[in-house]
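The values are calculated or read from the model by the stated rules, or taken from the named source; none is laboratory data. Everything numeric here is computed off the predicted structure, so don't read it as measured data. Here Cβ is always computed from backbone atoms with ideal geometry, including for glycine, and neighbour counts include all displayed protein chains. Ligands, DNA and RNA are stripped out before the accessible areas are found, and what is left, the full protein with its side chains, is counted by its heavy atoms. Shrake-Rupley method; radii C 1.70, N 1.55, O 1.52, S 1.80 Å.
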Amino acid sequence: MTGHYGVFYGFQKEPFAQDIQVADMIKSESVKGARKRFDFAVQLAAIAVITGDIGSGKSSALRYASSTLHPSEYRILYVTATSGSVTELYKQICHTLNVETKGTSKALLTKIIRSGLMQLLQKKQKPVLIIDEASILRLDVFTELHTLMQFQYDSRPVLPVILAGQNNLIDNLMFMQSRSFSSRVVARGHMETLNRDEMQRYLEHHLSIAGCKHNLFSEQAVTAIHQGSGGLLRRANNLARGALVAAATEKCDIVSAEHVRIASTEII
Ligand SMILES: Nc1ncnc2c1ncn2[C@@H]1O[C@H](COP(=O)(O)OP(=O)(O)OP(=O)(O)O)[C@@H](O)[C@H]1O
Ligand SMILES: [Mg+2]
């Protein structure tokens, strides 16, 4: 399953898998911070914003925070933003609500979503809308989302919205057009990049996920992965995996900085 390098190092599974399980995630300060902000927005039916560079762990942190909500009490509505109109986003929300989308008019879709939310609330399920990749949303979509959030049940707001995206998401929320929506932001956090020591622990942690109890990366290899990735997780994964492949090809027990260099020529 992990290819020839997995066999060479005796891994039980892929150490740097993209679809990492929640139980295997490192609960770093950034991850815990994202969860705290997520929970706060859920409590208040308000908005939380999580920003971070590409591959810094935003979506994974959202997966972790979502997993801590009890499924009998909460219903996660997870959508990935598009650069299209609000109706595209609304159709996705309808889909996560398992309701049919008849027609494409904004007014009709809003009505369908509201009745879907109402049905959840009547079943004592609290909706939580997560919009991942929200940095690509058009500004007019924020204006519309504000209208959706106006929806109340028992004269209380009911729909928390958690946005995740790259750093320009904050700039987009500052525009006049987005202000009515962003005035409901109660928490915002940032997924920090890893420093050199954190990277060492990150790599060791991932090897242990694969059942490997000893460190395969030399000090210089860790430094090379840290520098080459800028402390970003996905890039670190790609460098570490590529370096393991290069080291296994040479039948080396320990990954060197040179193996990381070879790996870096394979990725963009
Ligand atoms: N808490 C964590 N512990 C261990 N590994 C993690 C953690 N968070 C993320 N990763 C690893 O980093 C990879 C990238 O994370 P993720 O997809 O969450 O980043 P992202 O910020 O959402 O990226 P993008 O900007 O492309 O949407 C994951 O596939 C996973 O392998
Ligand atoms: Mg993501």
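Overview of values
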item: Area of residue 148 that stays accessible when all protein chains are in place (1.4 Å probe, Å², to 10); result: 0 Å²
item: Nearest-10 value in Å² for the accessible area of residue 214, using the 1.4 Å probe; result: 120 Å²
item: For the chain, accessible area per residue (1.4 Å probe, heavy atoms of protein chains only), Å²; result: 50 Å²
item: Sites matching trypsin sites (Lys or Arg not before Pro) across region 206-264 that sit in DSSP coil, with at most 15 neighbouring C-beta atoms within 10 Å; result: 213, 251
item: Carbon + sulfur, % of accessible area of region 29-190 - ligands and nucleic acids excluded, 1.4 Å; result: 51 percent
item: Gain on full stretching of the segment that runs from residue 69 to residue 17 - 0.36 nm per residue minus C-alpha separation; result: 16.3 nm
item: Residues with amide H under 5 Å from that of residue 188, placed H, sequence gap 5 or more; result: 49
item: Nearby aspartates and glutamates by direct alpha-carbon distance to residue 13 (threshold 19 angstrom, same-chain neighbours under 8 apart not counted); result: 24, 204, 253
item: Cα-based Kirkwood hydrodynamic radius, region 60-105, one decimal, Å; result: 12.2 Å
item: Loop chymotrypsin sites (Phe, Trp or Tyr not before Pro), region 145-208 (other Cβ atoms within 10 Å of the site Cβ: 12 or fewer; DSSP); result: 175
item: Inter-centroid distance (Cα atoms) of region 79-143 relative to region 200-219, Å; result: 41 Å
item: Cα-centred dipole magnitude for region 12-112, charges only on beta-carbon of K, R (+1) and D, E (-1), debye, nearest 20; result: 280 debye
item: Helix axis angle, 233-249 relative to the chain longest principal axis, alpha carbon, degrees; result: 30 degrees
item: FRET E, pair residue 266, residue 24, Förster distance 22 Å, beta-carbon r, rounded to 0.05; result: 0.30
item: Placed amide H near residue 75: partners under 5 Å, 5+ positions off or other chain; result: 126, 128
item: Nearby lysines by direct alpha-carbon distance to residue 36 (threshold 16 angstrom, same-chain neighbours under 8 apart not counted); result: 27, 58
item: 28 Å Cα-Cα reach of residue 106 towards lysines, excluding residues that sit fewer than 8 places from it in its own chain; result: 91, 123, 124, 126
item: Those GluC sites (Glu not before Pro) in region 9-117 that DSSP places in a loop and that have at most 15 other beta carbons within 10 Å; result: 73, 100
item: Degrees separating the helix 86-96 axis from the principal Cα axis of the chain, which is the longest one; result: 80 degrees
item: Antiparallel bridge percentage (DSSP; both residues within the chain; nearest 5); result: 10 percent
item: Whole-Hz couplings from phi, Karplus 6.51/-1.76/1.60, listed for region 208-220; x for Gly and Pro; result: 5, 4, 7, x, 9, 8, 10, 6, 9, 9, 5, 3, 5
